[in-house]
Amino acid sequence: MFKQKDIFPILICVFSLSFLVFGSAKAAVLYLEPSTGEYRLGETLIEKIRIDTEGECINVVGVDLNFSQDTLEAVDFSSGSSILTLWVKTPYIDQESGLISFAGGVAGGYCGEIPGALTESNLLGRIIFKVKGRSDLTLEEGRFGEEQLWARIKFLDSTQVFLNDGKGTPARLTKKGALFPISFKEIIEEPLKDSWQEEIEKDNIPPEEFSPGITKDPSVFNGKYFLSFSTTDKQTGVNYYEVAEQKRIAFMALGEKVWEAALTTYLLKDQGLRSIVAVKAVDKAGNERIEVITPKIGWQDVLPWAILALIIGLISRWIVKKLKLKKTPKKSLRDLTGQENEKF
Amino acid sequence: MERFLKFLLFLIVFHFLLFSFNSAFATSLIHVSDTISSSWSNVGVDHEIRFTVTTAIPASGKVVITPEDGYFTIPSALDYTDLDFILNGVGKDLGSSPTGSVSGVEVTSGTSGKITITLASGLSIASGDEILVRIGKNAVHQHTGDQQITNPTVNGAYKINIQTFDSSLNLLDRADAMIAVLSPVNVGLKVEVIGPVCGNGVVESGEQCDDGNTNSGDGCSATCQTEAPPPPPPTAPGGAAPAPPPAVPTKVILEGWAYPKSKVTALKDGQIVKTVYANSSAEFQAEISNLTSGTYTFGVWSEDKDKRRSITYSLTFYVRADTTTKISGIFLPPTIELGKEAVARGEILDIFGQTVPKSEVEIRVYSPGEEIVKKIKANEIGVWLLAFNTQPLEEGSHGVKARSQISEETVSGFGHILGFTIGKPLLCPMADLNKDGRTDLLDFSLLMFYWGTSNSCADQNQDGTVNLLDFSVMMYWWTERVVEACPRADLNKDGRTNLFDFSMLLYWWGTNNACADQNQDGTVNLLDFSIMLYWWTG
């Protein structure tokens, strides 16, 4: 019925049919919450990025999102309570091109929610949007005009998820974006709540405790010592890190700490490792967690004090001696005089 | 162009036929779904089957539910008490046989079973009516179910067929609901939360009030804190205010099985927070405190007596403040090692490791197109050894993995997958043709020199010719042996994969550093990060 060359379309159709049939096979699902609903101009929209691994264990997620930059303004990104604990690409917002991207991972992998566990635990991050109007549309036009404004958020094709299989296998992925109509109604009647600001005001818990470490390796930073650290914040998320190296003499720190912005890796200035190293993690609400590495007391620390003590000792001895010398001749002279008197 | 038009025409005809085929059954049930309480393989689960009828089912008609033949098991004890039949949201009475008002349920048990619901003689279902059938412990109308259909033992997508018939057994509607069956990731885990539960109506530690709901604005907030104006404090009979109940510390207890007397390392968000020792029965318990409310990822790994490392067992869940969350049933898979990575066909391959004493170890040898399953018992100290006869295996690459079972319900997941090859003993193993301990350009030059010949050293797959297959083998080892320089993403070679290695990975990000580029694709990228996180020790 079909010639050999017609086998190609048949194969295509069989393939497309098999895709239809098996299209529902397991694949990690990246989705946004909320994905529908109506938002008012000026309203804060907290968009949660979630993952359903569908029984697979994954360990790395790299997300690239596109949003309607004319109707949405991305004002912040929160990693609070994210399952991602290590970030290779910290969240980056480009309002001009409507892009948000980040990449992070879960050490040991994430295999989905545990049956019986409390609340949802599949959050990757939250984007805080402010709903805004379109520059070419006046408020009046928007409120009374027929043109409906939309806000769209979608995952780009470059979004990737990797399986926790030790081979870096990309997971099959289903991506679900979000589309919201923008409402101009009730803009005046009811004051708008800034739920993100409220959340920030409520957060009084600092980031989690962490243990920074110092190491060196011939292959990086020309074999110089560097600092590694990372922590999480379960509420609003870590905002930034700072590092301070503080000179000291033995047990005494010298001067004030001078904080410098840092990422999770920091090349130490004091390669002699004699300084106190402090790492500060600050969350979105400004709560701070400071961890300090105090170097062990070495002979270098003790030596100046020992020299100082020696000098002081010597000086004291010299003074005492001098004092004695000053006193002794008078006494001796008197004694001598006495002796001499007695003698003579 | 003609060919394209022909193809297009074919596509149109094909899709027309496809849809015609679907509609050839006169009608198909719509909005069909089957929600199961667990996707895990080989476990009893509740089914919630929903569909909308397109052809009316007359009185005494039938609804037949048939799980895919040979995969699901319907227990013989399952009967009408384990079913709910809900029509447009209203539960209909069920019995063992149909009457005027009661619909009858007939169950054919076994792996080729089916469930037939015969409508009561006074009950008919109209087109557009929505039907929900609950099967299992989720059945609550009239009786509470206690029997469940068992999921298939093998992972995959399965059909649940639903058909409707009239009283003369003429087919009216049909449809298939698809469900997925997966390997359990967290088998046998038990989650226990000790502490206050806001909204249960009982004022517990950490709560200022509990009005039985989690609504704010009603005097008691969603987190059970009093909202202004505060209610007057309760007064004890003696006039003294009652002392507040002691607060439960926010902590997590992880317990389960590792290896006898092994050191068990617990991680919190990738950082080591606790090390404990398992007892001689391999049981361990790790308590982690200093936590706040939020989502945490806890990991557990261990090393057996011969320093073979387990996988990192990872758990992500929400920790509530002032509660103790106890996760029990963590079962680290057995450690596994091979006596050799390459054996001749028929040679005995030792596969061994350690697990929970006297547990049953299931070893699966993967071969192209088949899987060989062997079961053995671990000894008193958990050591297990399988002398595997490789005779049934074809020459080529194979994989092996293992899991343990203490009881019917307590089964570990699979651990690391190891690979081995079967073939004639190689003269130059790992494509190291010049035997300098490396597989590199020099070996490639030698391979090119021997190209097309039968050189037994270069002929890696022993097929009599040095060809592309041997080049492929060389490429495999090229990667593997370079990675051997920094195995397990331990970039600074301190025996751990932790933040230091992460720092180094970031340092080399985007470059082609051979050590950080774990998969040797020429760039240090997310794939290498993924490999690092797999091997993470904290």
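A few points about this structure:
- Residue match in region B:255-277 (condition: small (Gly, Ala, Ser), part of a loop (DSSP other than H, G, I, E, B) and modelled with pLDDT of 90 or more): yes
- Residues in region B:294-334 that are under 22 Å from the mean Cα position of the chain (by Cα) and of a type in the set (Gly, Ala, Ser) were compared, and the one that is farthest from the other protein chains (Cβ to nearest Cβ) is B:302.
- Residue ID - farthest from residue B:312 (Cα to Cα), chosen from residues in region B:384-426 that are in a strand (DSSP E or B), free of Cβ contacts under 8 Å to residues at least 60 places away in the same chain and among the aliphatic types (A, V, I, L, M): B:387
- For region A:214-234, the set of residues classified as without any contact (Cβ under 8 Å) to a residue 24 or more places away in the chain and either within 14 Å of residue B:293 (Cα to Cα) or facing chain B (nearest Cβ under 9 Å) (or both) consists of A:215, A:216, A:217, A:219, A:220, listed by residue number.
- Test for residue A:198: is it over 30 Å from residue A:304 (Cα atoms) and not in a strand (DSSP E or B): yes
- Any hit, region B:19-29, residues being modelled with pLDDT under 80, away from every other protein chain (no Cβ under 14 Å), touching a strand residue (DSSP E or B) at 6+ places or on another chain (Cβ under 6 Å) and not in a loop (DSSP other than H, G, I, E, B): yes
- Selection within region B:42-85 - of a type in the set (Val, Ile, Thr), in contact with a Lys or Arg (Cβ under 7 Å, 6 or more places away or on another chain) and closer than 22 Å to residue B:142 by Cα: B:64, B:65
- Looking only at region B:75-92, and only at residues there that are among the charged types (D, E, K, R) and not in a loop (DSSP other than H, G, I, E, B), the one that is surrounded by the most Cβ atoms within 10 Å (Cβ to Cβ): B:82
- Filter pass, residue A:66 being within 11 Å of chain B (Cβ to nearest Cβ) and touching a Leu at 6+ places or on another chain (Cβ under 7 Å): no
- Condition check for residue B:301 on (1) closer than 14 Å to residue B:253 by Cα; (2) at pLDDT below 95: one failure, at (1).
- Selection status of residue B:226, within 12 Å of chain A (Cβ to nearest Cβ) and either modelled with pLDDT of 65 or more or in contact with a strand residue (DSSP E or B) (Cβ under 9 Å, 6 or more places away or on another chain) (or both): no
- Search result, residues across region A:246-292 that are more than 23 Å from residue A:235 (Cβ to Cβ), within 14 Å of chain B (Cβ to nearest Cβ), part of a strand (DSSP E or B) and not polar (S, T, N, Q): A:266, A:267
- Condition met for residue B:263 (surrounded by fewer than 17 Cβ atoms within 10 Å (Cβ to Cβ), of a type outside the set (S, T, N, Q) and on the phi > 0 side of the Ramachandran plot): no
- Filtered by the rule that a residue be more than 25 Å from residue B:303 (Cβ to Cβ) and more than 7 Å from every other protein chain (Cβ to nearest Cβ), region B:484-508 gives a lone residue, B:508.
- Within region B:278-314, the residues that satisfy the criterion of being in a loop (DSSP other than H, G, I, E, B), of a type outside the set (D, E, K, R) and free of Cβ contacts under 8 Å to residues at least 60 places away in the same chain are B:278, B:279, B:289, B:290, B:291, B:292, B:293.
- Residue selected from region B:509-538 under the condition at the interface with chain A (Cβ under 8 Å from one of its Cβ atoms) and of a type in the set (Gly, Ala, Ser), by the criterion surrounded by the most Cβ atoms within 10 Å (Cβ to Cβ): B:530
- Hey, residue B:274 more than 9 Å from chain A (Cβ to nearest Cβ), surrounded by fewer than 24 Cβ atoms within 10 Å (Cβ to Cβ) and under 22 Å from residue A:234 (Cα atoms) or not: yes
- Search result, residues across region B:392-412 that are farther than 17 Å from residue B:259 by Cβ, surrounded by 14 or more Cβ atoms within 10 Å (Cβ to Cβ) and among the polar types (S, T, N, Q): B:397
- Answer residue from region A:65-97, given it is more than 16 Å from the chain's Cα centre (by Cα) and surrounded by 18 or more Cβ atoms within 10 Å (Cβ to Cβ) and is nearest to residue A:181 (Cα to Cα) among those: A:71
- For region A:83-96, the set of residues classified as closer than 24 Å to residue A:199 by Cβ, in a loop (DSSP other than H, G, I, E, B) and more than 7 Å from every other protein chain (Cβ to nearest Cβ) consists of A:84, A:95, listed by residue number.
The values are calculated or read from the model by the stated rules, or taken from the named source; none is laboratory data. Please read these numbers as outputs of a predicted model, since none were measured by experiment. Virtual Cβ from ideal backbone geometry, glycine too; neighbours counted across all protein chains shown.
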